[in-house]
Amino acid sequence: TPSAALALIGIAQREDDDREAIARMSEFAAGVLHTSRIDWWSADGGPASTVLSVGSGLPTRLGLRVLDAGIGIGPETGDPGQELAIPVRLGSRLLGAVVARWPADRAAPPNASDLLTVAAAVAAPRVESLLAAARAVSSVAAAIPELVGASAAMTDVRKAVSRAAAAPFAALIEGESGVGKELVARAIHQL
């Protein structure tokens, strides 16, 4: 419906964080469509996997098939319940897929494909931004193998190193003895 499409656009515009915007749009779509689960799939930079999931129950399966085919699939009845998958495109590029699952006691409503298509279109720039951020973190991590760790704090350090390396001025690295200032300095120099 037009009101659901407008609500999805409003959610996309209100949220600052890409992951949060996609999650809120998924929660809204899940409420309107009465799904048990919505998954966002991508094969960006590796094997196909879920990027974000909302809801509970078994994980969806159609994402990989949509990524391979590049077209919407479903609603398809399986065990247990129904699934519907829509490709997420930005321009002509296939970014991923959004997959909705309904439990065995519910069927996909007639407007499910339309609403998921709108959600995929509205979320596409956010999905691209999320994937680009993941690629940037990954490339910085590969360029700086000395900075070991997968925590959020290390991701922040890698981002800071990347920003400092791109800056047109000198960087001052502060910290206590033994925290890795020399490793950070070498990483900035390498980048």
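The values are calculated or read from the model by the stated rules, or taken from the named source; none is laboratory data. This one's a predicted model, so the numbers in the text were calculated from it and none came from an experiment. When we count neighbours, we look across all protein chains shown, and the Cβ atoms used for this are built from the backbone with ideal geometry, even at glycine. Only protein heavy atoms, including side chains, enter the accessible area calculation; ligands, DNA and RNA are left aside. Shrake-Rupley method; radii C 1.70, N 1.55, O 1.52, S 1.80 Å.
Odds and ends about this structure:
- Degrees separating the helix 112-143 axis from the principal Cα axis of the chain, which is the longest one: 20 degrees
- Mean separation of Cα contacts under 8 Å, 6 or more apart, over the residue count of the chain: relative contact order %: 18 percent
- Segment N111-K181, length gained on full extension (0.36 nm per residue, minus Cα span): 19.6 nm
- Apportionment of accessible area to carbon and sulfur, the range 66-132, percent (1.4 Å): 55 percent
- Accessible surface comparison of S92, S3, S129, S26, probe 1.4 Å, protein chains only, largest first: the order is S92, S3, S129, S26.
- Of all the options I73, I86, I173, the one that moves most in a Gaussian network model of the chain with Cα springs shorter than 10 angstrom is I173.
- Local electrostatic count, E15, Cβ distance below 11 Å [Lys/Arg +1, Asp/Glu -1]: 0
- Cα shape, the range 1-132, gyration tensor, a/c 1.5 rule: oblate
- Taking the longest Cα principal axis of the chain as reference, the axis of helix 152-166 is set at about 60 degrees.
- Gyration tensor (alpha-carbon) shape descriptor, the range 44-87, a/c threshold 1.5: oblate
- Packing rank of 159-172, 50-63, where each peptide gets the mean count of other beta carbons within 10 Å, highest leading: 50-63, 159-172
- Accessible area expressed per residue, the chain, with surrounding protein chains retained (probe 1.4 Å, Å²): 54 Å²
- Calculated FRET efficiency for the pair H189/S49, C-beta based, R₀ 45 Å, to 0.05: 0.85
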